[in-house]
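Bear in mind these aren't lab numbers, they're just calculated from the coordinates by the rules spelled out. Just so it is clear, the structure is predicted and the values come from calculations on it, not from any experiment. So basically every Cβ, Gly included, is an ideal-geometry build from the backbone, and we count neighbours across all protein chains shown.
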Amino acid sequence: MPPTVSGQSVGGMVSGILSILVSLVVGCFGLAGARQGWGPLVGGAFAVLAVTVGLAAIGLGWFSVRQITRSAGRLTGRGMAVTGIVCGAVGMVLTALAMVLALMI
């Protein structure tokens, strides 16, 4: 029986990439409306989404790595799981930087 790709690893990778994309939206809204005063508020709303999705990516990736390690070769997708963990963390860092910039301007 050929090995199967772990669904959690795919979900973690997709969530991590989504976290980075939403963090870019946070930066765009935060910086575009910073002078008018609405930027940090709208950016903060998207920041909650970016952090939630980033935490989901880290959780799914971590769970998937453990599951793949314990499967004794029946599951694959370790690279996607690690990608999800890294992208989720990068997305959360970018979100924090975007919010700091939006509040400082």
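The table below lists the values:
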item	result
Two-site label geometry, Leu103 and Arg35: point separation in nm, points 7 Å out along Cα→Cβ	2.3 nm
Residue-by-residue Karplus 3J(HN,Hα) for region 83-98, coefficients 6.51, -1.76, 1.60, Hz, glycine and proline x	4, x, 5, 5, 5, x, 5, 5, x, 5, 5, 4, 4, 4, 5, 5
Likely footprinting exposure, Thr4, Thr95, Thr76, fewest C-beta neighbours within 10 Å first	Thr4, Thr76, Thr95
Calculated from backbone phi, Karplus (6.51, -1.76, 1.60) coupling profile of region 17-32 in Hz, x at Gly/Pro	5, 5, 4, 5, 5, 5, 5, 5, 5, 4, x, 5, 5, x, 7, 5
Ascending count of other beta-carbon atoms within 10 Å, so fewest first, for Ile17, Ile58, Ile105	Ile105, Ile17, Ile58
Other-chain or far-sequence residues with amide H under 5 Å of Val5's (modelled H)	Thr76
3J(HN,Hα) from dihedral phi, region 41-51, Karplus parametrisation 6.51/-1.76/1.60, rounded to Hz, x for glycine, proline	5, 5, x, x, 5, 6, 5, 4, 5, 5, 5
Shape metrics for the chain, restricted to C-alpha atoms - Rg then Dmax, Å	16.5, 60
